[in-house]
Amino acid sequence: MQTAKQLSVTLINKPGRLATLLTTLGKAKVGIRALAVMDSGERGTLRFVPDQIDTAVKVLEKENMPFDATEVLLVDVPGQAGGFRKVCERLAAEHLNIDYAYSSASPTAGAKGMLAVVKVNDLSKAQRVLAENGSTAKRKPGRRPVHAR
């Protein structure tokens with residue numbers, strides 16, 4: 001598990017706009033590790049994790065495209081039933097909120113695994129929690145996950 005910079009760009013929601021931006025990034029040799037696009041009417045939000053953050057920022061600035069940069073967790077999730085659920089449970093057990101998450105294919109997570117991009121309310125605490133070996137069984141006695149009933 002590691003952290004990375006994610007870039008968020010607001011795009012006009014019309015055909016070809018995303019393709020044009022991705023072509024421009026590609027010409028600059030910027031690879032995309034993960035991406036998600038969310039629609040919100042006339043505009044959409046593109047969130048992506050580039051493999052070369054500095055070059056991606058330069059491209060966006062050159063194209064006069066406003067963006068936000070956010071530190072996110074990159075978590076390799078094994079391709080087994082409940083893999084991402086376990087990540088969510090471990091974070092919830094320590095009262096960490098997931099603001100949003102999306103995924104991508106991951107060459108390091110196994111044949112069916114994925115790379116989860118996770119935005120949390122406390123990045124350093126989430127790193128510690130997910131770096132611990134084991135599952136939610138490592139909880140402190142008497143503490144329950146927020147979602148437990």
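The values are calculated or read from the model by the stated rules, or taken from the named source; none is laboratory data. This one's a predicted model, so the numbers in the text were calculated from it and none came from an experiment. Because the Cβ atoms are built from the backbone with ideal geometry, glycine has one as well, and the counts that use them run over all protein chains shown.
Take the residues of the range 32-46 that are small (Gly, Ala, Ser) and surrounded by 16 or more Cβ atoms within 10 Å (Cβ to Cβ): which is farthest from Leu18 (Cα to Cα)?
For the range 32-46, the residue satisfying everything is Ala34.
Suppose we filter the range 47-58 for residues that are assigned to a helix (DSSP H, G or I) and surrounded by 20 or more Cβ atoms within 10 Å (Cβ to Cβ); how many remain?
Total satisfying the criteria: 1.
Would you check if Arg90 is within 18 Å of the chain's Cα centre (by Cα), in a strand (DSSP E or B) and farther than 14 Å from Lys119 by Cα?
No.
Checking Ala69 against (1) of a type in the set (A, V, I, L, M, F, W, C); (2) buried (at least 17 other Cβ atoms within 10 Å of the Cβ); (3) touching a Lys or Arg at 6+ places or on another chain (Cβ under 6 Å), which test does it fail?
(2)
Give just the number: which of (1) of a type in the set (Ser, Thr, Tyr); (2) at pLDDT below 95; (3) more than 21 Å from Ala131 (Cα to Cα) does Thr55 not satisfy?
(2)
So for the range 23-39 (the condition being out of contact with any Gly (no Cβ under 9 Å at 6 or more places or on another chain), farther than 30 Å from Lys125 by Cβ, assigned to a strand (DSSP E or B) and touching a residue at least 12 places away in the same chain (Cβ under 8 Å)), does at least one residue qualify?
Yes, there is a match, as at least one residue in the range 23-39 is out of contact with any Gly (no Cβ under 9 Å at 6 or more places or on another chain), farther than 30 Å from Lys125 by Cβ, assigned to a strand (DSSP E or B) and touching a residue at least 12 places away in the same chain (Cβ under 8 Å).
Look through Asp76, Asp99 and report the one residue that is closer than 26 Å to Val30 by Cβ, part of a strand (DSSP E or B) and free of Cβ contacts under 8 Å to residues at least 24 places away in the same chain.
On inspection, the qualifying residue turns out to be Asp99.
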